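Reviewing the structure listed below.
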Amino acid sequence: MYNGLLHLHSLLRWVIIVLGFIAIYRSYSGMTGHKPFTSQDRKIGLFLMISAHITLLVGLYQWALGPAGLQNILNLGFGEVMKDPVYRFYAVEHTTGMIIAIVLITLGKGVARKDITDGAKHKKSFWFFLVAMVLILVSIPWPFRVGIGRPWFPGMH
């Protein structure tokens, strides 16, 4: 079950990345082109938020019950986990970065409900989504990251 959830978690990152870049593009073009904030903009933000929250739930399950998160902290102690860059990444850095990013995505989606101008909605959602995407991209265990890298797609080596 752990491997299946790990694969789901890895695949969902691509959904988040694609939707995140679409949301950033739509917000930026809406902001610079003085376009209305449409139902399409709301839907992209909603699907991004839903994907991020599902991925978070799967990730928290993996962190709590899998071998690389809480188990390392309980078995080795927090001090030892913090001394090892691989253990620290999965137990603390990845989780913290992604939770912050998902909070920002949720705030960016929430802008759509505010009683502010469409330009302000685009501008605020742009910044929330942009900062969230930077955090996500930095917090992903990309294959080129020594020691912590995971394959581009599940099952690839």
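Dividing the summed helix terms, -39500 (n - 2.57) for each DSSP H run of n ≥ 4, by the number of residues in the chain produces a 222 nm estimate of -24000 deg cm²/dmol to the nearest 500. Its Cα gyration tensor gives the chain an equivalent ellipsoid; the semi-axes, largest first and in whole Å, are 33, 15, 13. Roughly speaking, what is the centre-to-centre gap between the range 43-72 and the range 13-42 when only Cα atoms are used, to the nearest Å? If we compute the Cα centre of each part, the gap is 23 Å. In this rough spin-label picture, where each label sits 7 Å from Cα along the Cβ direction, the residue 18-residue 84 distance is 3.6 nm. Counted by neighbouring Cβ atoms within 10 Å, the residues 41, 115, 84 run from fewest to most as 115, 84, 41. Peptides 139-147, 5-13 ordered by packing proxy, namely the average of other Cβ atoms within 10 Å per residue, highest first: 5-13, 139-147. Ordered by the count of other Cβ atoms within 10 Å of each Cβ, fewest first, 38, 95 give 38, 95. Applying 1/(1 + (r/R0)^6) with R0 = 30 Å to the Cβ-Cβ distance of residue 1 and residue 103, what FRET efficiency is obtained, to the nearest 0.05? The value I calculate is 0.60. Bridging of residue 121 to lysines at a Cα separation below 22 Å is possible for 35, 43, 109, once same-chain residues fewer than 8 apart are set aside. A straight Cα-to-Cα reach below 16 Å connects residue 123 with the aspartates and glutamates 41, 115, residues fewer than 8 places away in its own chain not being considered.
The numbers here are math on the coordinates, done by the rules we state, and not lab data. All of these numbers come straight from a predicted model, not from anything done at the bench. Cβ atoms come from the backbone with ideal geometry, glycine included; neighbour counts cover every protein chain shown.
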